[in-house]
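**Q** What follows is a structure written as structure tokens; I'll ask about it next.
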Amino acid sequence: MSDQQYEPERALAGTGTGGTMDLGVGEAEALERVPDGTAGTEPRGKPRSLWSDAWRDLRRNPVFLVSALVICFLVLISLWPSAITSGSPLKCDLAKAQEGPQPGHPFGFDGQGCDVYTRTVYGARTSVAVGVLATLGVAVLGSVLGALAGFFGGVWDSVLSRVTDVFFAIPVVLGGLVLLSVITSNTVWPVIGFIVLLGWPQISRIARGSVITVRQNDYVQAARALGASPSRLLLRHIAPNAVAPVIVVATIALGTYIALEATLSYLGVGLKPPSVSWGIDISAASPYIRNAPHALLWPSGALAITVLAFIMLGDAVRDALDPKLR
């Protein structure tokens, strides 16, 4: 027989209708242990956050998986192009100009006798570098200015709104033709700087609206009532909950920036030879499209696949982070 003593006050359980029910000692103790997690079928798990739910949805999304694999491959060949090609993109032989595919040269040769395959592989480095660095610059500058305008409001918000209106009125391609035509540098930095200069207003508008929405939530008002400083409110309570729309827009814009770099290089104001770029190769192959269509096909296809991969990635991230789409 058990040594435990029967305690009537511990052995009375509510019936759910206002009365009580007499239980045995073991049953009464079992009911007492369930709420605090020491007994029962499963312990209470930690609530999932927006980011954990988004990551779970992304792992199950085939669009995200395919686009992520393509982007990982592009990043890999951008960092180590010699892993899949042993040639030099600047080594050309005029005797082989416009020749088609042959052993060791699966994409053929362009109008200057350069190997199209090698130049297509090395062109990924420039496009990915411009896209990633420009997106980082646009996201940081636009997020900071937009967050400050949305948080403080007043004159600061009004001034920033009028400045963004001015930048929105500038045609991107025309602005590139005017600003980049006076720069003779062959590096990627002028193109990146131009994209950041004209790209930050879009991110700024998104960040401003997101901060204004989050600022009105109850937990922000409670932190303000407890004496939290403006910097703490913005960095600890508002920014982590307002950054999701910025990430979505920046991811989609990355593909757009890659296409913009190729467009500017095609027009002759972006990157210039001897730099290797898909836009330069497309521009050089355009006059020979009838005699050597392969020289235009491969860099154009690589550009289209890259832009599409980043846009698909952005769409998948948007679907995962937007609660309205769940």
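Any read-out appearing in this document is the output of simple, stated calculations on the displayed coordinates, not a laboratory observation. Everything quoted here is computed from the prediction, not taken from an experiment. Don't worry about glycine lacking a Cβ; one is built from the backbone with ideal geometry, like all the others, and counts go over all protein chains shown.
**Q** Going by the alpha-carbon gyration tensor, a ≥ b ≥ c the square roots of its eigenvalues, is segment 81-123 rounded (a/c under 1.5) or, if a/c is not under 1.5, prolate (a/b greater than b/c) versus oblate?
**A** On the way: a/c = 2.09, a/b = 1.51, b/c = 1.38.
Prolate.
**Q** Using 0.36 nm per residue, how much length does the chain from Asn291 to Lys91 gain when fully extended, once their Cα-Cα distance is taken away?
**A** Extending this stretch completely gives an extra 69.9 nm.
**Q** If you plug each phi of segment 203-208 into the Karplus form 6.51 cos²θ - 1.76 cosθ + 1.60 with θ = phi - 60°, what whole-Hz ³J(HN,Hα) values come out, in order, with x for Gly and Pro?
**A** Here the 3J(HN,Hα) series is 5, 4, 5, 5, 5, 4 Hz.
**Q** How long is the gain from Ala169 to Val66 if the chain were fully straight, where each residue apart is worth 0.36 nm and the alpha carbon distance is subtracted?
**A** Gain in length upon complete extension: 33.4 nm.
**Q** Can you tell me the Rg and the Dmax, both Å, for the Cα atoms in segment 120-181?
**A** Expressed in Å, the Cα Rg and Dmax of segment 120-181 come to 15.8, 50.
**Q** Still on this structure: According to the square roots a ≥ b ≥ c of the eigenvalues of the Cα gyration tensor, what is the shape class of segment 104-143, taking rounded for a/c under 1.5, prolate for a/b larger than b/c otherwise, and oblate for the remainder?
**A** Details: a/c = 6.87, a/b = 4.13, b/c = 1.66.
Verdict is prolate for segment 104-143.
**Q** For segment 250-316, I need the span (max minus min coordinate) of the C-alpha atoms along each principal axis, in Å, sorted largest to smallest.
**A** Rounded to whole Å, the extents work out to 40, 23, 15 Å.
**Q** Moving on to the next point. For segment 172-226, taking Cα atoms only, what is the radius of gyration to one decimal and the Dmax to the nearest whole Å?
**A** Computed over the Cα atoms of segment 172-226, radius of gyration and Dmax are 19.1, 56 Å.
**Q** Same structure again: Looking at segment 86-150, which trypsin sites (Lys or Arg not before Pro) are DSSP coil and have at most 12 other C-beta atoms within 10 Å of their C-beta?
**A** Passing sites in segment 86-150 are Lys91.
**Q** Of the trypsin sites (Lys or Arg not before Pro) in segment 236-324, which ones lie in a loop per DSSP and count no more than 15 other C-beta atoms within 10 Å? Show your work: numbers first, answer last.
**A** Values: sites: Arg236, Arg290, Arg318, Lys324; in loops: Arg290.
Those satisfying the criteria are Arg290.
**Q** Please report the net charge: other residues with Cβ closer than 9 Å to the Cβ of Ser161, K and R +1, D and E -1.
**A** Once all neighbours under 9 Å are counted, the net charge is +1.
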